[in-house]
Every structure is written in structure tokens, then in C-alpha cells.
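Shown next, in C-alpha cells, is the structure this report addresses.
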Amino acid sequence: MAVTTPPYASDALAEGTVDAVVIGGGAAGLNGALILARSRRSVVVIDSGSPRNAPAEAVHGLIALDGTPPSEILRRGREQVRQYGGRVVHGKVVSAEPAAPSADGDLRFTVALADGRRITARRILVATGLTDVLPEAPGLAEHWGHSVVHCPYCHGWEVRDEPIGILATGPASVGHAYLFRQLTEDLTYFTHGTDLDEDSRARFAARGIRVIDTPVTEVVSDEDGALAGVRLADGQVVARRVLAVAAPMQARTQGLEGLGLPVRDVPNMGRAFASGTAGATEVPGVWVAGNVTDLVAQVGASAAAGALAGADINKMLAIADADAALQGITEGSPQGATG
């Protein structure tokens, strides 16, 4: 279920070539932009306005900001980027690709938006986040981010002691069950057509985790719209107030195909862009940060990754600036001059 951030004023798209375009206006993108803007780099953030955590009421597990609504963190982040001269533009990127280099050989990229606007940048930071691929179960998606949760560290405390169900999606759900068992004594594991080996069944039994092999056909709500349980293929309804789902995760790559970024499979989790130190990729001039490359990163880790990438981009730009200045002096020297 697509959820967007509240509307906000969008800056004008910068003219000419900017030092960096950040694709993605979440924690990773904004923190990367903040580092760049504080380094007096011209930076533009392109924000589609559809963060993964938009349905959640609050961000948790982030020191000093625990309990803060995601929209408020993003609002503050945009203000802080703008405070140092950065721009935040609401728009959807439909293409990003290398362009002809500058006269001094520096890299160039062209980024196009869905409304036809285009911008040229020396470097790109991709921080588009990911999409959770929810199981096919009627009634599940409408509770996503509230009574249907994925992360015991993001939502666990808030659902403690509730009757919780694990709707299995594969091997990753076994570990999910152990983590949520820490939060409640009333835990039921719905295999939902996935395999569960005898060792795991024995461990579940030892921890008091009930296992139900009958497939789930529907997520049931009560008359007030709250999650009430799940309906099984035999018609039985098992009462649950919360469902935990270890949904596969897919990096948001749409519109970025022209960059040629390598993608890697993460066992039992999903697909993400491959990256190296500080988010650098195999494609010169392009960095990635946050959930687009680290599927399990929470808000704090994503913001930190954005900061590291922003600093690395600034470093590489500084080297390119020095190279260009030296080249200019060399080319401007009288022929045959020495010293």
C-alpha cells in the first residue's frame, strides 16, 4: 500500500551543473546532502515523497529521537539541508545516466524527472530505499506498519505482551519467531506453505511457540477495523492482535537502469545494490546509501551511511577540483616554461 509524506514546498531545480544530485529524500539521502551542503557543495535532493516508513506512527531505537514521527524527522532534515544552501525538490526520477565529461575531464551525469525537468551533476548519491514485498493474503496490506510489523527493534516494544502471529515467508521467519518470542509469551507460527524442519519445531516447542501448518487465507479485522486474527483454509479463525512478517525486500531501482549499478542477492532477504567502502559503487561517480544497499538498516544506520557517502563524495570532488586547477595552470603556462 503506497503511502506518501505530507505535502511540502518544493525548491526550484538548480540551473547549470551541480556538485551532487541525491536521489531519495529519506534519512540516508538527507544526511548525505547535509554533509555535502555543509562542505559548501551545491547539492539537490530529489524526493519522490514515498518513504518506506510512512505508515509507521513513530521511529524507534534511534537515540534522542525515539518516538518521533517519521514525517517530523524528514521535515527537520529538509530544513537543515536548506539551512546550508542545499535544495530539496519534490519529483520522481525516470532516468539517470552518464553524460559527456566536462572540458577538464570531470564526470557528468544527467538526471531526468517525470515532469520533463532535467539536471546535470558531477556526482550522484542513490538513496531510494526499498520496497517490502508482502505475502498474498487479503486484508494484510491495510494493517502494514501498524498491526502488521516487520522489525522487532522498530516495533517490538509497542506490541509486547500481545497475542502475536508470525506469518512465515521462508527461512528468515524462523529467526523472526525467536526475536518476537522475547516480546510475548503468546506466539503462534503460521507456516503458510513454507518448510519448517524438525529441529526448528523442537526448538519452538521448547519455547512455547505454537505451530499451525494450515494455510492462512485471510487477515481478519474487527468491527472497528483493528486486526483481529487470521482465517485458515479450514475456516477456523485464530485470534491475533499483531502479525509479524519477514517480507522479502527489493531495492528501489526504477529509473536508475542507465547507471549500470551492480545488484546483489541477499540470502533469504531480497535484492540490493552492491557497494563498497562509504557506499562507493563500481560505477565511477555514483554512491549508494541506506536501504537501497543495506536491506536491514534502521533509520539511524541509514543516516550514518548517508553521512559517510556524503563525506566520500566531497573528498573525491576536492581531488577532482585540485586536478582541474593543476591542469588549468599547466595548460596556461608559456610553452617551454620551467619551474
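Here is a list: Ile313, Ile329. Which entry is of a type in the set (Val, Ile, Thr), part of a helix (DSSP H, G or I) and closer than 30 Å to Pro69 by Cα?
Working: Ile329 fails: closer than 30 Å to Pro69 by Cα.
Only one candidate passes the filter, namely Ile313.
Here Ser71 clears all of (1) in a loop (DSSP other than H, G, I, E, B); (2) out of contact with any strand residue (DSSP E or B) (no Cβ under 9 Å at 6 or more places or on another chain) except the condition numbered (1). Of all residues in segment 106-138, those satisfying the criterion of being at pLDDT 95 or above and of a type in the set (Gly, Ala, Ser) are Ala112, Ala114, Gly116, Ala121, Ala127, Gly129. The residues of segment 77-120 that are outside any strand (DSSP E or B) and of a type in the set (Phe, Trp, Tyr) amount to a single one, Tyr84. Which of the residues belonging to segment 91-105 are farther than 19 Å from Val283 by Cα and open to solvent by 80 Å² or more (accessible area, probe 1.4 Å)? Correct list: Lys92, Ala103. When Pro6 is tested against (1) modelled with pLDDT under 95; (2) farther than 30 Å from Glu142 by Cβ; (3) surrounded by fewer than 15 Cβ atoms within 10 Å (Cβ to Cβ), just one condition goes unmet, and that condition is (2).
Of the residues contained in segment 309-317, one or more are found to be within 17 Å of the chain's Cα centre (by Cα) and not hydroxyl-bearing (Ser, Thr, Tyr).
Among residues that are out of contact with any His (no Cβ under 9 Å at 6 or more places or on another chain), on the phi > 0 side of the Ramachandran plot and not acidic (Asp, Glu), Gly129 is included. From the list Arg210, Arg181, the lone residue that is more than 27 Å from the chain's Cα centre (by Cα) and either free of Cβ contacts under 8 Å to residues at least 40 places away in the same chain or within 16 Å of Val245 (Cα to Cα) (or both) is Arg210.
Scanning segment 121-174 for residues that are open to solvent by 40 Å² or more (accessible area, probe 1.4 Å) and assigned to a strand (DSSP E or B) returns a single hit, Thr131.
Among the residues of segment 35-61, those that are under 23 Å from Glu15 (Cβ atoms), part of a helix (DSSP H, G or I) and of a type in the set (A, V, I, L, M) comprise Leu36, Ala37.
If Glu79 passes every condition in (1) under 30 Å from Ala244 (Cα atoms); (2) under 21 Å from the mean Cα position of the chain (by Cα); (3) loosely packed, with under 15 Cβ neighbours inside 10 Å but one, which one does it miss? The number of the failed condition is (1).
The values are calculated or read from the model by the stated rules, or taken from the named source; none is laboratory data. These figures come from a predicted structure and were not determined experimentally. Positions of Cβ are backbone-derived with ideal geometry, glycine not excepted, and every protein chain shown enters the neighbour counts. These area figures cover heavy atoms from the full protein model, side chains too; ligands, DNA and RNA do not enter into them. Shrake-Rupley method; radii C 1.70, N 1.55, O 1.52, S 1.80 Å.
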